[in-house]
Amino acid sequence: MSSSLTAVEQGRETGQKTVPGPILLLGAPGVGKGTQAKELVNLWGIPQISTGDLLRANVAQGTQLGRVAKEIMGRGELVPDSLVDEMVALRLQAKDTANGYILDGFPRTLGQAGWLDGRLAAQAQTQGGGLPVIAVSIHVDYNQLLRRITGRRNCPVCQTIYNVNGKPPKRDGFCDVEGAALVQRADDTEEVFKERMRAYVALTAPVVEHYRALGRFAEVDGDRPIGAIATGIVAAVERLRK
Ligand code: AMP
């Protein structure tokens with residue numbers, strides 16, 4: 001096995017059997033939580049649960065939750081805890097979460113963190129044994145995030161994420177895989193980004209401190225190539241699971 005392989009690639013080659021358990025990916029908008037979650041899904045075969053994606057699916061389907069969430073998301077504010085908690089509770093009932101899952105973008109408030117901690121503690125008591133949560137926060141500085149967010153484009157078919165400022169598609173405006181015209185999220189504008197950052201600093205930064213204080217926590221530098229960040233996350237999870 002070549003030593004130039006990243007931890008993720010090495011894991012794939014060796015069929016590495018870390019049971020990851022519940023992993024929380026935390027960090028400001030645009031740090032790459034979604035991209036990293038997909039790397040970890042490929043390695044560990046556990047699902048990515050993105051509350052942003054679940055909410056956007058509700059908006060697209062016009063559900064009652066989607067109708068409430070649409071305007072709030074459009075302003076860059078947070079959807080009320082009770083609605084998001086309920087949506088996550090439903091998703092966590094699925095069998096594919098048995099060996100773990102990657103929560104991407106949740107919890108985003110201390111209220112959501114308290115709800116999740118309580119749920120996992122209750123589950124450990126009634127069903128026994130569940131692994132404790134590990135929180136990984138990805139850090140990228142403000143100006144870099146602004147560039148990333150305003151340059152971000154998604155394929156509406158396969159959800160591949162591109163960036164006109166750093167990871168452009170081969171053909172301008174079209175997905176390399178599907179050939180579909182790329183789209184920009186309605187909340188990926190500079191104005192909404194600023195509001196999302198305000199919400200992050202006021203409401204989500206304390207969640208990072210909450211998990212830091214609990215000890216099962218790592219912070220990784222998100223201003224590196226995708227593979228290097230994934231290697232950092234995998235190494236942190238393996239260290240914290242020992
Ligand atoms: P994201 O795709 O994670 O950047 O989320 C997009 C938007 O969905 C956020 O700006 C919020 O409006 C909403 N959202 C996503 N996750 C949560 C959450 N855990 N709590 C409240 N609102 C959320």
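When you scan region 81-88, do you find a residue that is free of Cβ contacts under 8 Å to residues at least 12 places away in the same chain and within 12 Å of the ligand (Cβ to nearest atom), even just one?
Yes; the residues of region 81-88 include at least one that is free of Cβ contacts under 8 Å to residues at least 12 places away in the same chain and within 12 Å of the ligand (Cβ to nearest atom).
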Handout entry: Subset of region 32-52 (residues that are out of contact with any helix residue (DSSP H, G or I) (no Cβ under 7 Å at 6 or more places or on another chain) and within 19 Å of residue 195 (Cα to Cα))
Key = 33, 52
Practice task
Might you check whether a residue that is in contact with a Leu (Cβ under 9 Å, 6 or more places away or on another chain) and within 15 Å of the ligand (Cβ to nearest atom) occurs anywhere in region 168-181?
Solution key: no
Practice task
Count, please, the residues in region 222-233 that happen to be under 15 Å from the mean Cα position of the chain (by Cα) and at pLDDT 95 or above.
Solution key: 4
Handout entry: Looking only at region 97-121, and only at residues there that are farther than 24 Å from residue 196 by Cα and surrounded by 13 or more Cβ atoms within 10 Å (Cβ to Cβ), the one that is farthest from the ligand (Cβ to nearest atom)
Key = 99
Completion exercise
Those residues of region 225-239 which are without any contact (Cβ under 8 Å) to a residue 40 or more places away in the chain and of a type in the set (Gly, Ala, Ser) amount to 232
Problem - Lone qualifier among 213, 202 - being assigned to a helix (DSSP H, G or I), free of Cβ contacts under 8 Å to residues at least 40 places away in the same chain and within 14 Å of the ligand (Cβ to nearest atom) - result: 202
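The values are calculated or read from the model by the stated rules, or taken from the named source; none is laboratory data. Owing to the predicted nature of the structure, the values given are computational and were not obtained by experimental measurement. No Cβ is skipped: glycine too gets one built from the backbone with ideal geometry, and neighbour counts run over all protein chains shown.
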